[in-house]
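Novice: The structure is given below, and queries will be raised subsequently.
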Amino acid sequence: MPNEIVDNAFYSQIKEILSCARAKVYSVANFAMVEAYWEIGRTIVEKQGGNATAEYGTNLIEDLSKQMTADFGKGFTATNLKYMRQFYLTFPNRHALRDQLSWTHYRLIMKVEDKKARQFYLDECAKANWSTRQLERQINTLSYQRLLASHGNYDVVEDTTKQEKTKTPEDIIRDPYVLEFLGLEQNASFYESDLEQALIDHLQKFLLELGRGFSFVGRQHRISFDNQHFYIDLVFYNYILKCFVLIDLKAGKLTHQDIGQMQMYVNYYTREQMNDGDNPPIGILLCADKNDAVVKYTLAENNKQIFTSKYMLYLPTEEELSRELKAECEILENKG
């Protein structure tokens, strides 16, 4: 017998059931995370006795961060724990929290200084189901202040809903905060094309086989601040140079924006990741295309001479990196 054809109306019902279930899973996971972070913030405040400026309070967060990171992995830096503490102080009434809002929503709203404006964005965001981008736009365009100036004319609060794509299950799976909270590993293939991924695979192996003190730290290594996430292709620690080595690969031509982004990575590692005795991190930008491979070293400002005598001894030269990139590109092209 031929298979029975599934009609569109029937399939739409099935699709709606599954879509609603997935959305519910996302909502439950998000709000469980929000509640947990609120509780962590409350517990920290109570432990500090309400004195945020005391040396004990600062040491408490630093020590707590180290222990939580060892037990639960990423997501519990001292900076993030301070956000959780501020979350409780900003929203001391747990029952006022909205389950429609994610941790990223709350972090955006926490930046709003005016209490009435915060409440406005809280209410409107939950009611209109704003995405985090929509919320950020409303805050940046001063929607609350424009509403007051218009004497309550809600037409000034621009509806941005139609400008956003609906969140898909894939977006949910990739959410860095949810992944960290659930203790799940991020999949590097989420963020890289096949060509870039193959080149990163090769470079990782090449640098480790090169010797010269390289120890692998991570790939697609995420750093986050101001509710933005950035991914560094490869991160190593060189125990001879005593510094982090950050490598980013660009599929197109190298631009000044690429260099600026790498400088941001270097600055972040300088301020947030360096340990006592470490030297400033080194950033390496690689641009691979069919005709040429360009290598650019980017160092923290005013530290360009620190490793001059050691570059040739321990870091791969531009010629070595260019040769490896070109060779791998040729292999990939031949396979295609």
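Novice: Just the accessible area for LYS242, please: 1.4 Å probe, Å², rounded to the nearest 10?
Specialist: Only protein atoms counted, so the area is about 110 Å².
Novice: A follow-up question, please. Among 276-287, 62-73, what's the highest-first ranking by average C-beta atoms within 10 angstrom per residue?
Specialist: 276-287, 62-73
Novice: In the structure displayed, which of LYS15/LYS74; LYS111/LYS242; LYS66/LYS111; LYS74/LYS116 lie more than 32 Å apart, Cα to Cα?
Specialist: In this structure, LYS15/LYS74; LYS111/LYS242; LYS74/LYS116 lie more than 32 Å apart at Cα.
Novice: Put a dot 7 Å past each Cα toward the Cβ at ALA21 and MET274; how far apart are the dots in nm?
Specialist: Placing both labels 7 Å along Cα→Cβ, they lie 5.2 nm apart.
The values are calculated or read from the model by the stated rules, or taken from the named source; none is laboratory data. Quick caveat: nothing in here was measured; it's all calculated off a predicted structure. Here Cβ is always computed from backbone atoms with ideal geometry, including for glycine, and neighbour counts include all displayed protein chains. To get the accessible areas, we keep the full protein, side chains included, count just its heavy atoms, and leave off ligands, DNA and RNA. Shrake-Rupley method; radii C 1.70, N 1.55, O 1.52, S 1.80 Å.
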